[in-house]
Amino acid sequence: MDKNFKVIQYGLIENQEQYFEKILKWCETESKDSSTPAAINMRIDDWQTNEDTLAYILHNKRRFYKRGEYFFLEVDDQIVASAGIYRSDFDNRVAIGGARSWANADYRAQFVIGRYLLPLQLKWAKANGFKTIVLTFNEYNARLVNHFKRSGLGIVKKRNPDSFFYNGVFEVPHPIMIKSTKQWAIYHKIDEEYEPNWSLIKAD
């Protein structure tokens, strides 16, 4: 990892309340990003009651507590990106990776989430006995699926086994429903013999 980058694993922070204040300030700044509709989920004016906001999910709903983990990427002590992973509701052997991902506009082109956070999520999933990690994309960022497709679906790559998709990129053949939202998905096979029953969450 580049010397200026540091990953913070939220579940391991000793003083989460203090760090949460830092998260709120970061969310407030990022909520002003007009380049993506996802910025609305970073707002903090109503975070205590708005279940769609990242702050609510982390602090009130605690989606990643015990059943997952959330990671922050810092540069020079400033948060620049984040992403979570948690056990899916439809199959306890499947983890939802890249959940609630966000990267500061200045760092998106550097693919910092894929470079620094996804490998740690893969490590976490392996350590917790998961067989599959799925990455999902809403309508506004579904174009990112093509980013992974270009490297070849199901084609084994000569990569580090600790990297995402080193053994191929696989696509769910239909849209799925995650948290009541229609999404498009690709997945990484930790256990290459295991295939989730995607039809259980097929979107209408």
Answer with yes or no whether N50 is at pLDDT below 95 and of a type outside the set (G, A, S). no
Count of segment 85-130 residues which are touching a residue at least 60 places away in the same chain (Cβ under 8 Å), crowded, with 22+ Cβ neighbours inside 10 Å and in contact with a Gly (Cβ under 9 Å, 6 or more places away or on another chain): 5
Just to be sure, is K25 over 19 Å from Y187 (Cα atoms) and in a helix (DSSP H, G or I)? yes
May I ask you to list the residues in segment 9-40 that are within 22 Å of Q121 (Cα to Cα) and small (G, A, S)? G11, A38
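What residue, of S35, S82, is small (G, A, S), surrounded by fewer than 16 Cβ atoms within 10 Å (Cβ to Cβ) and closer than 20 Å to G114 by Cβ?
Numbers: S82 fails: surrounded by fewer than 16 Cβ atoms within 10 Å (Cβ to Cβ).
Only one candidate qualifies: S35.
Give segment 45-61 a look and list any residue that's surrounded by fewer than 20 Cβ atoms within 10 Å (Cβ to Cβ) and in a loop (DSSP other than H, G, I, E, B), or say none. Show your work before the answer.
Residues of segment 45-61 surrounded by fewer than 20 Cβ atoms within 10 Å (Cβ to Cβ): 45-46, 48-52, 56, 59-61.
Scanning segment 45-61 gives D45, D46, Q48, T49, N50, E51, D52.
In segment 5-14, is there at least one residue being buried (at least 18 other Cβ atoms within 10 Å of the Cβ) and assigned to a strand (DSSP E or B)? Step through it out loud before you land on a result.
Residues of segment 5-14 buried (at least 18 other Cβ atoms within 10 Å of the Cβ): 10.
Okay, now just the ones that are also assigned to a strand (DSSP E or B), so none.
Looking through segment 5-14, none of the residues is buried (at least 18 other Cβ atoms within 10 Å of the Cβ) and assigned to a strand (DSSP E or B).
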Restricting segment 53-70 to residues that are under 19 Å from K123 (Cβ atoms) and in contact with a Leu (Cβ under 8 Å, 6 or more places away or on another chain), the one modelled with the lowest pLDDT turns out to be F64
Just to be sure I understand the filter: pairs with C-beta atoms under 6 Å, separated by 6 or more residues or on different chains, first member in segment 62-73 and part of a loop (DSSP other than H, G, I, E, B), second member crowded, with 17+ Cβ neighbours inside 10 Å and among the basic types (K, R). Which pairs pass? R67/R87
What's the total number of residues in segment 33-61 that are within 22 Å of L144 (Cα to Cα), in contact (Cβ under 8 Å) with a residue 40 or more places away in the chain and of a type outside the set (S, T, Y)? 6
Among (1) assigned to a loop (DSSP other than H, G, I, E, B); (2) surrounded by 18 or more Cβ atoms within 10 Å (Cβ to Cβ); (3) at pLDDT below 95, there is one condition Q183 misses while meeting the rest; what is its number? (1)
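Determine, yes or no, whether F130 is more than 17 Å from V7 (Cβ to Cβ) and either among the aromatic types (F, W, Y) or in contact with a helix residue (DSSP H, G or I) (Cβ under 8 Å, 6 or more places away or on another chain) (or both).
On the way: more than 17 Å from V7 (Cβ to Cβ): yes; either among the aromatic types (F, W, Y) or in contact with a helix residue (DSSP H, G or I) (Cβ under 8 Å, 6 or more places away or on another chain) (or both): yes.
Against the criterion (more than 17 Å from V7 (Cβ to Cβ) and either among the aromatic types (F, W, Y) or in contact with a helix residue (DSSP H, G or I) (Cβ under 8 Å, 6 or more places away or on another chain) (or both)), F130 qualifies.
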Just to check your reading of the model, which residue among V94, V75 is in contact with a Pro (Cβ under 8 Å, 6 or more places away or on another chain) and either under 20 Å from N138 (Cα atoms) or of a type in the set (V, I, T) (or both)? V94
When you go through (1) surrounded by fewer than 12 Cβ atoms within 10 Å (Cβ to Cβ); (2) in contact with a helix residue (DSSP H, G or I) (Cβ under 9 Å, 6 or more places away or on another chain); (3) at pLDDT 85 or above one by one for E193, which number turns out not to apply? (2)
For segment 1-32, give me each residue that is over 13 Å from W102 (Cβ atoms) and in contact (Cβ under 8 Å) with a residue 60 or more places away in the chain. M1, N4, F5, K6, V7, I8, Q9, Y10
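The values are calculated or read from the model by the stated rules, or taken from the named source; none is laboratory data. Computed from a predicted model, the values in this text were never measured in an experiment. For neighbour counting, all protein chains shown are included, and Cβ atoms are generated from backbone atoms with ideal geometry for every residue, glycine included.
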